[in-house]
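This is the structure, below, for whatever I ask next.
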Amino acid sequence: MQLVRRAVIDVGTNSVKLLVGEANGVKVIPCLELSLQTRLGRGFYPAHKLQAKAIAETAGAVMTFARTARDQGAVSTRVIATSAARDAVNAADLIAAIQKSSGLETEIISGEKEAQWAYRGIATDPRFAGKPLLVIEVGGGSTQVVFADAENQPVCHSFKLGSVRLLEKLSKDDPPPPGELAACRAHVRDFLNLHMRPAIADALKNYPNGTIQLVGSGGTASVLCSMRLGLTHFDREAIESVTLLRSELQRTMLRLWSQPLAERQKAPGLPPDRADVILTGIAIHEVLMDAFDFKTLRASTRGIRFAALLEN
């Protein structure tokens, strides 16, 4: 099948991301990837109302990326929106703002579809073919979890647990006060036991401990690998080559939670605009690894945007 240059703009709870790639329904060759943090989910919880400033900044980012996609020769541009948009009582305001700024329609995808796409994007990497996987995509407003057996038959779930959603529950003290990490971890553990464990326990029990590979497809997992390597720029091959140990993740989490924001913003491999949300992102990963006894984490940079291009 002939490769066609297409683009997808992903409107998330934390950031807006662009992927321009050559796709043919089977594979994706990425050409350009960009991200702008607009924090659509700020001030969103618990009323579930998108704030006017966040809507305007998000629509502006979509407009910028739509122009970039055209300049890159994309024959089509697809706009997808995830957790904050699907939970918002005023999602129509966001859709209208994007339509007005860029002329593009916005597709709000379900949590189940987001989970399916997270897995389908990862499945384009032959390194994970034929292996039982637990895929975790921690977004700003939701976490998608997919179990795929050795025949790569996925079972998909989406949960209302995300890094921005959780960050909104924390105090505004900088650095976080003593005891807040423990409270955050306890909240995540309670959530996992109540919602996630019943959904995936039966699937996991059929595989001996250590035979399932945990793969993180969200931004946090990639950032943690970038931090491990001290990367100054995005490097897909380098990020996807890293295996993070749970013990290493725990040490990194303790260090980050003890630092003020200004110090975290200087950490090699950690984008300054993610220095706040990294606290909750790493906590979700670490608690999940501990709760289900995963000792290692791999990252994949081929998430929902890859899958969206395959279907574009």
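The values are calculated or read from the model by the stated rules, or taken from the named source; none is laboratory data. These figures come from a predicted structure and were not determined experimentally. When we count neighbours, we look across all protein chains shown, and the Cβ atoms used for this are built from the backbone with ideal geometry, even at glycine. Areas reflect the complete protein model, heavy atoms only, side chains present, ligands, DNA and RNA absent. Shrake-Rupley method; radii C 1.70, N 1.55, O 1.52, S 1.80 Å.
Can you tell me which residues in region 125-151 are of a type outside the set (Gly, Ala, Ser), closer than 14 Å to Ser300 by Cβ and touching a Pro at 6+ places or on another chain (Cβ under 9 Å)?
If the condition is that a residue be of a type outside the set (Gly, Ala, Ser), closer than 14 Å to Ser300 by Cβ and touching a Pro at 6+ places or on another chain (Cβ under 9 Å), then Leu133, Val135, Val146 are the ones that fit.
In region 69-91, is there at least one residue being in contact with a helix residue (DSSP H, G or I) (Cβ under 8 Å, 6 or more places away or on another chain), part of a loop (DSSP other than H, G, I, E, B) and not acidic (Asp, Glu)?
Yes.
Restricting region 15-54 to residues that are assigned to a loop (DSSP other than H, G, I, E, B), farther than 17 Å from Ala85 by Cα and not aliphatic (A, V, I, L, M), which is farthest from the chain's Cα centre (by Cα)?
Top of the filtered list is Asn24.
Scanning for something crowded, with 17+ Cβ neighbours inside 10 Å, closer than 21 Å to Gln144 by Cβ and touching a Gly at 6+ places or on another chain (Cβ under 9 Å), does region 87-108 turn up at least one residue?
yes
Do you know which of the residues in region 147-183 that are part of a helix (DSSP H, G or I) and in contact (Cβ under 8 Å) with a residue 40 or more places away in the chain is farthest from Arg120 (Cα to Cα)?
The qualifying residue farthest from Arg120 (Cα to Cα) is Glu180.
Might you check whether a residue that is over 17 Å from the mean Cα position of the chain (by Cα), modelled with pLDDT of 95 or more, more than 26 Å from Gln37 (Cα to Cα) and small (Gly, Ala, Ser) occurs anywhere in region 244-267?
The answer is yes, given that some residue of region 244-267 is over 17 Å from the mean Cα position of the chain (by Cα), modelled with pLDDT of 95 or more, more than 26 Å from Gln37 (Cα to Cα) and small (Gly, Ala, Ser).
Anything in region 125-146 that is at pLDDT 90 or above, out of contact with any strand residue (DSSP E or B) (no Cβ under 6 Å at 6 or more places or on another chain) and in a loop (DSSP other than H, G, I, E, B)? List them, or say none.
Residues satisfying the conditions are Asp125, Pro132, Gly139, Gly140, Gly141.
Sticking with this one: How many residues does region 256-292 contain that are free of Cβ contacts under 8 Å to residues at least 40 places away in the same chain and either part of a loop (DSSP other than H, G, I, E, B) or open to solvent by less than 20 Å² (accessible area, probe 1.4 Å) (or both)?
So the answer is 5.
Can you find a residue in region 298-305 that is under 25 Å from Arg127 (Cα atoms) and among the hydroxyl-bearing types (Ser, Thr, Tyr)?
Yes, there is a match, as at least one residue in region 298-305 is under 25 Å from Arg127 (Cα atoms) and among the hydroxyl-bearing types (Ser, Thr, Tyr).
Then there is this: If Asp87 meets every condition in (1) more than 18 Å from the chain's Cα centre (by Cα); (2) within 18 Å of Lys160 (Cα to Cα); (3) of a type outside the set (A, V, I, L, M, F, W, C) apart from one, which number is that one?
In the conditions (1) more than 18 Å from the chain's Cα centre (by Cα); (2) within 18 Å of Lys160 (Cα to Cα); (3) of a type outside the set (A, V, I, L, M, F, W, C), Asp87 misses (1) alone.
Looking only at region 132-145, decide whether some residue is open to solvent by less than 40 Å² (accessible area, probe 1.4 Å), in contact (Cβ under 8 Å) with a residue 12 or more places away in the chain and either at positive phi or of a type in the set (Phe, Trp, Tyr) (or both).
Looking for residues that are open to solvent by less than 40 Å² (accessible area, probe 1.4 Å), in contact (Cβ under 8 Å) with a residue 12 or more places away in the chain and either at positive phi or of a type in the set (Phe, Trp, Tyr) (or both), one finds none in region 132-145, hence no.
A follow-up question, please. Checking Ala81 against (1) surrounded by fewer than 24 Cβ atoms within 10 Å (Cβ to Cβ); (2) over 18 Å from Val277 (Cβ atoms); (3) of a type outside the set (Lys, Arg): exactly one of these is not met. Which one?
So Ala81 meets the others, but not (1).
Also: Given the criteria surrounded by fewer than 19 Cβ atoms within 10 Å (Cβ to Cβ) and at positive phi, does Gly73 qualify?
yes
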